[in-house]
Amino acid sequence: MQPILLHLVPATLYGALGYWFWRSSQADPTRRGRRGMSSHERLLLLLALATHGLMVHAAIFGEQQMRFGFGSAVSLMIWLAICFYWIETFYARLDGLHALILPAGVVGSLLPLAFPDQHVLVNAASPAFRAHFVVAMLAYSLFTLAALHAVLMAVAERQLHSGQLSRALMGLPPLLTMETLLFRLIAIGFILLTLTLGSGIAFSELLFNQPFRLDHKTIFAIVSWLLFGALLFGRVAWGWRGRVALRWTLAGFLALILAYVGSRFVVEVLLARAG
């Protein structure tokens, strides 16, 4: 498959499936809310994920070296987030999330074309580094899905209070169900982020061939860890929920984005163009 098709095929599949869901919700939102995702729709989403995964693999491992950059980082995060979402559709009706998930898939498929610059990961052959990398990306993807989830909950809550729930959101499960799913994503992501930070700090010499340094990436990652940890503690201790939980979720996600993806964007996009 030609490189350009590796990007266009998953983008087209995500876009077509998103359009299909939108048309279905406009035609009969109550019917979609009852039946959830059909087996054919789930299979088409799996095909989109498979082609997107091939594209991400080619972008990162395509030249006998492990390469990583802003475009491939965001694409990988979105791909993993949609993988988790696909699995969740077996256990809950998440129709309303299509409005965010599928457009994100289109963006994730095309972003490496817009931002092709990448750098070689020098320690990619190390099993310890690969394990650290995988755990970190899983944490990023879970928090990405949690952030999208939080945004959708905020929109749905605002529309419910105004008494004008749009057709696109009528297929959503109850807000309490969505909140339970949100905290499940955050709890798992927090465990993975703890492992990422712990291994990066304790084994910096082994993973990165350099002593531990408290740089901006580490500081933002620690800030994100503290925010998500405080949110989970507040949930248990004081029953935090609703808008409070949504604000803490988005704040933690923003700090996490600034930790790596934001820094790669500055280095590869802003500074490169300024130079």
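Values computed for the structure shown
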read-out: Residues satisfying the stated conditions in segment 157-205, i.e. at pLDDT below 80, assigned to a helix (DSSP H, G or I), of a type in the set (A, V, I, L, M) and farther than 19 Å from Gly242 by Cβ; value: Ala168, Ile201, Ala202
read-out: Of all residues in segment 206-230 being of a type in the set (Phe, Trp, Tyr) and modelled with pLDDT of 75 or more, the one that is surrounded by the most Cβ atoms within 10 Å (Cβ to Cβ); value: Phe228
read-out: Unique residue being out of contact with any strand residue (DSSP E or B) (no Cβ under 8 Å at 6 or more places or on another chain), at pLDDT below 90, on the phi > 0 side of the Ramachandran plot and not aromatic (Phe, Trp, Tyr) when the list is Gly239, Gly262; value: Gly239
read-out: Test: residue in segment 54-65 that is touching a His at 6+ places or on another chain (Cβ under 7 Å), in contact (Cβ under 8 Å) with a residue 24 or more places away in the chain, of a type outside the set (Ser, Thr, Tyr) and within 16 Å of Phe133 (Cα to Cα); value: no
read-out: Failed criterion for Val134 (all others in (1) part of a helix (DSSP H, G or I); (2) surrounded by fewer than 21 Cβ atoms within 10 Å (Cβ to Cβ); (3) in contact (Cβ under 8 Å) with a residue 12 or more places away in the chain hold); value: (3)
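Conditions (1) part of a helix (DSSP H, G or I); (2) loosely packed, with under 14 Cβ neighbours inside 10 Å; (3) modelled with pLDDT under 85, marked per residue:
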site: Thr12; (1), (2), (3): yes, no, no
site: Gly18; (1), (2), (3): yes, no, no
site: Ser25; (1), (2), (3): yes, no, yes
site: Arg31; (1), (2), (3): yes, yes, yes
site: Leu44; (1), (2), (3): yes, no, no
site: Ala73; (1), (2), (3): yes, no, yes
site: Trp79; (1), (2), (3): yes, no, no
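The values are calculated or read from the model by the stated rules, or taken from the named source; none is laboratory data. Predicted, not measured: the structure shown is a model, and the values here were computed from it. In this analysis, Cβ positions are derived from the backbone assuming ideal geometry, glycine residues included, and neighbour counts consider all displayed protein chains.
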